[in-house]
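The values are calculated or read from the model by the stated rules, or taken from the named source; none is laboratory data. This one's a predicted model, so the numbers in the text were calculated from it and none came from an experiment. Virtual Cβ from ideal backbone geometry, glycine too; neighbours counted across all protein chains shown.
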Ligand SMILES: [Zn+2]
C-alpha cells in the first residue's frame, strides 16, 4: 500500500543514489606495469591508478580489480606498459608550421582557416603525448578561441596556456617584416609598442583580451630579417615595465632571447623564463640562479632551421647564415647551462619544427648530455611550476588532473620511447589507445 512515509523513503533512496559517488562518478582504473608517479623518483612496478571524474582519486600497489572502486568502473589494461604524467611543452606556435608557403598563406588564408589549421595541429600535439602546452606568440583572437574551445570540450587538444601576440618593439622580432607596407600595416599586432609607457599599455591590452602569459622578444630572432641579428632589441626600461605590469596583473613573462645582453636584461627585469637562451654567458647563469627563472632551450628550433637552411631555398641568404650559426651554438650553450644547474623547462618551438614531433627535443637534450630523468622532470614538474600549476599538473599524485600517457618501455632506459606514445588520457578521458 502506498503511504506517504514509504514514498518519502523511496524518494530519499533515489536522491541518495543519485548523489552517491558510485552512481554519479565516471571511474576508470588503470593497471600500470610500471608507474612513474613523480618524475625524479623511482618508478613503481605493478600499480593500480584510479581516476574519478577526471582526477586521480587513488593509487594502490598491485593490480586491484576495477569493481572494487565502482560497479561500472572501466578497466584500462596497461599492465605491460610504462605509465607516466602527460608531457608538457612550454614553447609552441600552434597556428602554423615553417615552410616555403608561409608568405602566401598570410594572404590566402582567412582567420577561420588558420583557426581550423591550429585545431589540427593541437590534436597532433595531444596524440604525441603532450597534454599541456604554452602557445607563445600567435594571432591572439584565434589562439584564445582554440584554448577555450579545447577547455569546453568542443575540440581535442592539449590544455593551452596562451600568450596571444607578442609584446614586441616596432621593427623588432615579433613585429612583421618583409611585406609590402600596406600588408605590414594590416598584420601589425596591437601589442607592438615603443617606450616603457606604450609597452605597459600593450601588456595590459594583451591581458585584457585574454593572455595567460606575456611573451616578449628582448632580442632579434633567427627568422626575422633585421639588421640587429640576434642582438638586444627591446630597451631595458621597456622590458622592466612589461615585467612589472604583467606581474602586478598576475601573469608571468616569457622572453625570447638569443644574445647575452638581451638574456641578461630580461633576467635582471625579473622574467620567468628565457626562451632559446642561445648565447647565455657566465653572467646569465648567475642571474638565472639568483632569480630562479627557467631556461626553455628549444634545441629543436636550432636543429630544424639548420636542416632547412641546408636543404631548402625559401630563406634569404642572411637568414640561412644566421640559422646555421645560431643552431650550432645553441647546443653548446645549452650544455653549459645544464652543467651549471640552471632550471630547465621543456620546450620545442614547434611551429618552427613540425607539430606532433615534440618528443624529438628529448632526444636532442639527451644527445647534449641531459639524463633521461632530468628530461622527464623538465617536461613535467618544471613545466607545471613554470606555468604556476604544480597543484594540479605535472605528477600522478592523488588529487591531480588525470593527464596520463604510456609507452611500451621505460623512457628512463631509452629516451626514444617518448617518440612513440601509445596511450594518452586527457583530464580522465582516453583520447589515444593502441
Ligand atoms: Zn617561438
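Six or more apart or on different chains, Cβ under 8 Å: which pairs go from a residue in segment 310-321 that's assigned by TED's automatic domain parsing to the domain that holds residue 102 to one that's at pLDDT below 80? Could you list them?
Note: pairs meeting the criteria are 315/223; 316/225; 318/225; 319/222; 319/223; 319/225.
Name the residue, out of 150, 216, 207, that is assigned to a strand (DSSP E or B), in the same structural domain as residue 109 (by TED's automatic domain parsing) and at pLDDT 95 or above.
Working: 150 fails: assigned to a strand (DSSP E or B); 207 fails: assigned to a strand (DSSP E or B).
Going through 150, 216, 207 in turn, just one is assigned to a strand (DSSP E or B), in the same structural domain as residue 109 (by TED's automatic domain parsing) and at pLDDT 95 or above: 216.
In segment 232-249, which residues are under 22 Å from residue 347 (Cβ atoms) and away from the ligand (no atom under 16 Å from the Cβ)?
232, 239, 242, 243, 246, 247, listed by residue number.
Within the set of pairs 6 or more residues apart or between chains, which connect a residue that is under 14 Å from residue 100 (Cα atoms) inside segment 348-359 to a residue that is within 9 Å of the ligand (Cβ to nearest atom) and modelled with pLDDT of 95 or more with Cβ atoms less than 7 Å apart?
351/92; 351/93
Just to be sure I understand, how many residues within segment 411-433 are touching a helix residue (DSSP H, G or I) at 6+ places or on another chain (Cβ under 7 Å), over 20 Å from residue 28 (Cα atoms) and not in a helix (DSSP H, G or I)?
The total comes to 2.
Residue 371 - would you say it is closer than 30 Å to residue 407 by Cβ, free of Cβ contacts under 8 Å to residues at least 12 places away in the same chain and outside the structural domain of residue 420 (by TED's automatic domain parsing)? First the steps, then the outcome.
Details: closer than 30 Å to residue 407 by Cβ: yes; free of Cβ contacts under 8 Å to residues at least 12 places away in the same chain: yes; outside the structural domain of residue 420 (by TED's automatic domain parsing): yes.
In short, yes.
If residue 317 satisfies every condition in (1) crowded, with 17+ Cβ neighbours inside 10 Å; (2) farther than 24 Å from residue 94 by Cβ; (3) modelled with pLDDT under 95 but one, which is the exception?
Looking at each condition in turn, residue 317 falls short on (1).
Can residue 261 be described as in the same structural domain as residue 303 (by TED's automatic domain parsing), crowded, with 16+ Cβ neighbours inside 10 Å and within 27 Å of residue 331 (Cα to Cα)? Give the derivation first.
Details: in the same structural domain as residue 303 (by TED's automatic domain parsing): yes; crowded, with 16+ Cβ neighbours inside 10 Å: yes; within 27 Å of residue 331 (Cα to Cα): yes.
When the stated conditions are applied, residue 261 passes them.
Identify, please: which residue in segment 353-374 is within 18 Å of residue 276 (Cβ to Cβ) and surrounded by 24 or more Cβ atoms within 10 Å (Cβ to Cβ) and is, among those, nearest to the ligand (Cβ to nearest atom)?
In this case the residue turns out to be 353.
Modelled with pLDDT of 95 or more and under 21 Å from residue 399 (Cβ atoms): is that true of residue 69 in this structure? Write out each step before concluding.
Numbers: modelled with pLDDT of 95 or more: yes; under 21 Å from residue 399 (Cβ atoms): yes.
For residue 69, the condition - modelled with pLDDT of 95 or more and under 21 Å from residue 399 (Cβ atoms) - is met.
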